[in-house]
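Encoded as structure tokens, the structure appears first; notes follow it.
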Amino acid sequence: MNEPNQPPKLPPQMPTAKTPPPLGDDPAERVAITGVVSAVESILRQPRRVMFQLREPGAGKVITALVLIAVVCSLIYGVIVGSFSGGDQWWAAPVKTCAGLLIAAVICLPRLYIFASLSGSQARLLEIVGLVAGLLALMTVLLIGFAPVAWLFSQSTESIVWMGFLHLLFCFIATAFGLRFMNAGFAQSQAKSNAGFNTWVIIFLLVLLQMTAALRPLLGTSPHFLPVEKKFFMSHWFDCMK
């Protein structure tokens, strides 16, 4: 028999999700980002340091460093893309790769700020700009890591379809890591819902994919720098596979 004063047994409690600590709680996150090299190390090893610095008075310098990283790295990766066909693509592919990323970011930036505001986020416009710059910087740094593999295949195959698939695969992987950085930054903005951010992710991916058709050819050759015919990106891919 049970003892009369024995407290009732409570059911086991499910573990609750651990909330991330506030930005700046770690002293390492408060160390200023002083240049491009420091920005690269921070975006790879200490992304919370970047998020914290975007809220501080010197955020403009951090954003400038992140944008510079994105421009330089996208140009370098564009050279690898252009090495598949050579000729004018040595300079055209880097210009288009860099321009495509920047244009996609500029087109989608206002929507992100609007969705963030509707979600109850307290992030300022400058902080939103910094998160997008961090997304581009992380994407392009990761693409540089894939560059040797892309160059090897570009010099050993003549299949445009295979090279297109390979570059898209590398781009999707890099974008996934970049969006994870943005999601972590968005979670620190006191947003009440992720619906706006998730909607923006879909829009950003569609715009990024459409750039492969709007700025074609990135692979192969053409007498025109830009296409003379409008195409949806899926139609462009199907035509390439034919």
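Bear in mind these aren't lab numbers, they're just calculated from the coordinates by the rules spelled out. Everything numeric here is computed off the predicted structure, so don't read it as measured data. So basically every Cβ, Gly included, is an ideal-geometry build from the backbone, and we count neighbours across all protein chains shown.
Points to keep in mind about this one:
- Karplus (6.51, -1.76, 1.60) ³J(HN,Hα), θ = phi - 60°, over region 224-241, in Hz, Gly and Pro reported as x: 10, 5, 10, x, 9, 10, 7, 8, 6, 4, 5, 5, 4, 5, 5, 5, 5, 5
- Positive-end residue, the chain charge dipole about Cα centroid, Cβ charges, pick of Thr221, Gly78, Gln122: Gln122
- Derived scalar couplings between HN and Hα for region 161-171 equal 4, 5, 5, x, 4, 5, 5, 5, 4, 4, 5 Hz in order, rounded to whole Hz, by the Karplus curve 6.51 cos²θ - 1.76 cosθ + 1.60 (θ = phi - 60°), x for Gly and Pro.
- Computed [θ] at 222 nm, helices only, for the chain once each DSSP H run of length n ≥ 4 contributes -39500 (n - 2.57): -22500 deg cm²/dmol
- Working note: Karplus 6.51/-1.76/1.60 with θ = phi - 60° gives region 36-46 the couplings 5, 4, 5, 5, 5, 4, 5, 5, 8, 9, 10 Hz, where Gly and Pro are set to x.
- GluC sites (Glu not before Pro), loop per DSSP, at most 15 other Cβ atoms within 10 Å - longest free stretch of the chain: 1-157
- Square roots of five times the Cα gyration tensor eigenvalues for the chain, Å: 41, 22, 18
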